[in-house]
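Structure first, commentary second.
The values are calculated or read from the model by the stated rules, or taken from the named source; none is laboratory data. Just so it is clear, the structure is predicted and the values come from calculations on it, not from any experiment. Cβ coordinates were reconstructed from backbone atoms using ideal geometry, including for glycine residues, and neighbour counts include every protein chain displayed.
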Amino acid sequence: MVDFAQARRIMVDGQLRTFDVNDISLLDAMDTVPRELFVLPGREELAYIDQDVLVGEGAERRYMLSPMILGRLVQAIGIEAGERVLDVACGRGYASAVFHELGAQVTALEADDALAGAARQSLSAAGAGNVTVVAGPLEQGYAGNAPYDAILINGAVEVRPEALLQQLAEGGRLACVKGRGRAARATLYVRTGDAIGERTLFEAAAPLLSTFVQAPGFRF
């Protein structure tokens, strides 16, 4: 039987710390949240592998990002307690639980109603039942709780997520993986007034989200 507490410690020490995740609050949060509660039933032993893990098999497959990529993205956002966070393509809610552990007010967005329901169950089991889980088109975000201090997209995008960027508060940050294959890079957007800056963070790969795929004929 897997010792999940030990698996979390190995994840923190062997995956996160070695990939320049050094924010103590974030490391503590990822050492606390039981990642095994956020995978498909019967696949708990896969929760701590250094890979994206399948967590939904509905109209579109949904994955929980690998610990290293997720850790670096959340660290780049820089969450402060009390901030409003939108977790896009939340899957079963693991990243939302991490944000909750960091003291954020979290809205978790999923396109699939059934997966959103599974996220509510997982979050409740993890002690994060006050995370607001909503279902709707990912690319539209969730204006009902905007503006957000931070937005995370759990997957790769090929197009600039304009509607999400418009839901950022002043000084708000959005992190995602932009591009596909070897061209993919972790990217951070920051809003300053009406301007939105974009900065490449590090090489990264993540499952592509179909709603953010570039239309054929417009690739460069």
Given (1) under 26 Å from ALA169 (Cα atoms); (2) in a strand (DSSP E or B), VAL74 misses just (2)
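Of the residues that make up segment 84-92, is at least one among the acidic types (Asp, Glu), closer than 23 Å to GLN214 by Cα and either crowded, with 23+ Cβ neighbours inside 10 Å or modelled with pLDDT under 95 (or both)? Talk me through it step by step, then tell me what you get.
Residues of segment 84-92 among the acidic types (Asp, Glu): 87.
Within this subset, residues satisfying the condition of being closer than 23 Å to GLN214 by Cα are 87.
Subsequent filtering for residues that are either crowded, with 23+ Cβ neighbours inside 10 Å or modelled with pLDDT under 95 (or both) retains 87.
Yes, that holds for at least one residue.
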Contact list, first residue from segment 5-24 and within 12 Å of ASP50 (Cβ to Cβ), second anywhere and part of a loop (DSSP other than H, G, I, E, B), beta-carbon distance below 6 Å, six or more apart or interchain, is ALA7/TYR48; MET11/TYR48; GLN15/ASP50
Residues of segment 68-105 being over 17 Å from VAL39 (Cβ atoms) and in contact with an Asp or Glu (Cβ under 6 Å, 6 or more places away or on another chain), in sequence order, are GLN75, GLU83, ARG84, ALA104
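Here is a list: THR187, THR192. Which entry is touching a strand residue (DSSP E or B) at 6+ places or on another chain (Cβ under 8 Å) and surrounded by fewer than 17 Cβ atoms within 10 Å (Cβ to Cβ)? Steps first, please.
Numbers: THR187 fails: surrounded by fewer than 17 Cβ atoms within 10 Å (Cβ to Cβ).
Unique residue meeting the criteria: THR192.
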ARG61 passes all but one of the listed conditions (1) out of contact with any helix residue (DSSP H, G or I) (no Cβ under 8 Å at 6 or more places or on another chain); (2) without any contact (Cβ under 8 Å) to a residue 60 or more places away in the chain; (3) over 26 Å from THR18 (Cα atoms); (4) of a type outside the set (S, T, N, Q); the exception is number (2)
Considering residues that are touching a residue at least 60 places away in the same chain (Cβ under 8 Å) and not in a loop (DSSP other than H, G, I, E, B), the number found within segment 29-51 is 5
Among strands (runs of 3 or more DSSP E) entirely inside segment 125-220, those with 3 or more residues being farther than 23 Å from ARG92 by Cα and either within 17 Å of the chain's Cα centre (by Cα) or in contact (Cβ under 8 Å) with a residue 60 or more places away in the chain (or both) are 168-178, 185-192, 195-203
In this structure, is LEU54 without any contact (Cβ under 8 Å) to a residue 60 or more places away in the chain and either small (Gly, Ala, Ser) or outside any loop (DSSP other than H, G, I, E, B) (or both)?
yes
The correct count of residues that are surrounded by 12 or more Cβ atoms within 10 Å (Cβ to Cβ), farther than 19 Å from GLY93 by Cα and of a type in the set (Val, Ile, Thr) in segment 13-41 is 1
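Please verify whether segment 123-140 includes one or more residues that are closer than 26 Å to GLY179 by Cβ and buried (at least 24 other Cβ atoms within 10 Å of the Cβ). Quick ask: steps written out before the conclusion?
Our first condition is that a residue be closer than 26 Å to GLY179 by Cβ; within segment 123-140, this holds for 136-140.
In the following step, the residues that additionally are buried (at least 24 other Cβ atoms within 10 Å of the Cβ) were identified as 138.
Yes, segment 123-140 has at least one match.
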